[in-house]
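What follows is a set of notes on a single structure, which appears directly below.
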Amino acid sequence: MPVYKYRILSTKRLDTALLQTAAESGIQIIPRAFINVSYLQTNKLRQQINKLITREINAVFTSANAVKAVAALADTSQAKWEMYCLPGATIEAVTEFFPNSQVVANAVSSAALAMILLQRQATDIVFFCGNIRRDELPAMMQQHNIPLEEVTVYETTELKSTIVGKYDGILFYSPSGIKSYFANNTPAPGVICFAIGETTGGVLREHTQNTIVVSSAATSAALVNTAIHYFNNQS
């Protein structure tokens, strides 16, 4: 049996390779899903996406799940959109699934993306999102009387599990995962909370006074490596 110096709870499933990377540094990561994501597959939505593919729109993505959900409904290589997205996993998914579209801008939060859209005086804006999404971008568009088409392409269900046991750290990947965790759990005062990006970090600060560390990039690998680096540099 390996001897671990630290135990970390991951609030979603992780690739085995990331678990092994942490284990080699003396850190045990225990994955536990706090949300379930399902892509919508209705005929009506499929027709809507295929019509949008033929238009030159300003597409907004704040989640890799939204990118993958759209790609599951249509041949996204045919799209020639101008893309606005978050960094990390989201922009990686955009690059993979929309090879003929142009990433015009990426920003650390949906509010920052909204500011860029306003500065560029963008029109024909389509926001692809889940059923649970942050309000900042739609609200800012509404405040400035800018039309925004919202297309819900996936659904998030909060699982709200109760966690038993002691952990040195917790990995958080999304605002919905945070909400689900804190519905039935409160981390002990010394537990370090790791957030995958500034948006998730901001939501985490609304739920806990514990130390919060934000990853250098918005990917699962970056979050795990941030946690490894943090604990390996403890005195």
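We did not get these values from a lab; they are worked out from the coordinates using the rules stated. Everything numeric here is computed off the predicted structure, so don't read it as measured data. Heads up, the Cβs are rebuilt from the backbone with ideal geometry, glycines too, and the neighbour counts pull from every protein chain shown.
Rounded, prolate or oblate: which fits region 38-156 when a ≥ b ≥ c are the square roots of the eigenvalues of the alpha-carbon gyration tensor, with rounded for a/c under 1.5 and prolate only if a/b beats b/c? Intermediate results must be reported in sequence, preceding the final value.
Details: a/c = 1.41, a/b = 1.32, b/c = 1.07.
In terms of gyration-tensor shape, rounded.
Please report the net charge: other residues with Cβ closer than 12 Å to the Cβ of ASP168, K and R +1, D and E -1.
+3
Among the aspartates and glutamates, select those whose C-alpha is under 19 Å from the C-alpha of LYS160, and discard any that sit fewer than 8 residues away in the same chain.
GLU206
Under a crude label model (7 Å from the Cα following the beta-carbon direction), how far is VAL3 from ASN131 in nanometres?
According to this spin-label approximation, the distance is 4.9 nm.
Identify the trypsin sites (Lys or Arg not before Pro) of region 133-224 meeting these criteria: DSSP loop state and at most 12 other C-beta atoms within 10 Å of the C-beta.
For trypsin sites (Lys or Arg not before Pro) across region 133-224 that sit outside H, G, I, E and B with at most 12 neighbouring Cβ atoms in 10 Å, the list reads LYS166.
If we count other beta carbons within 10 Å of each Cβ, what is the order of HIS144, HIS229, HIS207, fewest first? Spell out each step's value before the answer.
Details: HIS144 10, HIS229 13, HIS207 17.
If I rank by nearby Cβ atoms, fewest first, I get HIS144, HIS229, HIS207.
What size of dipole, in debye to the nearest 20, comes out for region 38-156 about its Cα centre when the only charges are +1 on Lys and Arg C-beta atoms and -1 on Asp and Glu C-beta atoms?
180 debye
Under a plain spin-label model, where a point goes 7 Å from the Cα along Cα-to-Cβ, how far apart in nm are GLN209 and LEU118?
3.4 nm
How would region 65-113 be classified by its alpha-carbon gyration tensor: rounded, prolate or oblate, with rounded meaning a/c under 1.5 and the a/b versus b/c comparison settling the rest? All intermediate terms of the calculation are to be shown ahead of the outcome.
Working: a/c = 2.18, a/b = 1.57, b/c = 1.39.
Prolate is the answer for region 65-113, as a/c is 1.5 or above and a/b outweighs b/c.
If R0 is 30 Å, what FRET efficiency do you get for GLN78 and GLU149 from their C-beta distance, rounded to 0.05?
Step by step, r from the Cβ atoms, then E = 0.95.
In what sequence do GLU198, GLU149 fall when counting other Cβ within 10 Å, fewest first?
Ranked by crowding around the Cβ, least crowded first: GLU149, GLU198.
By DSSP, what percent of the beta bridges with both residues in the chain are antiparallel, rounded to the nearest 5? Provide the component values of the computation, followed by the final result.
On the way: 5 of 38 bridges.
So the antiparallel bridges in the chain amount to around 15 percent.
At what distance in angstrom do the alpha carbon centres of region 178-217 and region 1-72 lie from each other?
So the two Cα centres are separated by 18 Å.
Normalised by the residues of the chain, what does the relative contact order come to in percent, with Cα pairs under 8 Å and at least six apart?
Working: 450 pairs, mean separation 47.8, N = 235.
Normalised by residue count, the contact order of the chain is 20 percent.
Let me check against my output: what whole-number percent is the relative contact order of region 1-102, with C-alpha pairs under 8 Å and at least 6 apart?
So the answer I get is 22 percent.
How high is the relative contact order of region 94-149, in percent, counting Cα pairs under 8 Å that sit 6 or more residues apart?
In percent, rounded to a whole number, it is 36.
Identify all lysines with a Cα-Cα distance to LYS80 below 21 Å; exclude those on the same chain that are fewer than 8 residues away in sequence.
Output for LYS80: LYS51, LYS68.
Amide H of ILE35: which non-local residues (sequence gap of 5 or more, or other chain) have their own amide H closer than 5 Å, using H built in the peptide plane?
Residues meeting the amide H criterion: LEU159.
I'm spelling it out carefully: the read-out is Cα Rg over 2.2 N^0.38 Å, the candidates are (i) 1.02; (ii) 1.07; (iii) 1.28, and one was derived from this structure. Which label?
So the calculated entry is the one marked (ii).
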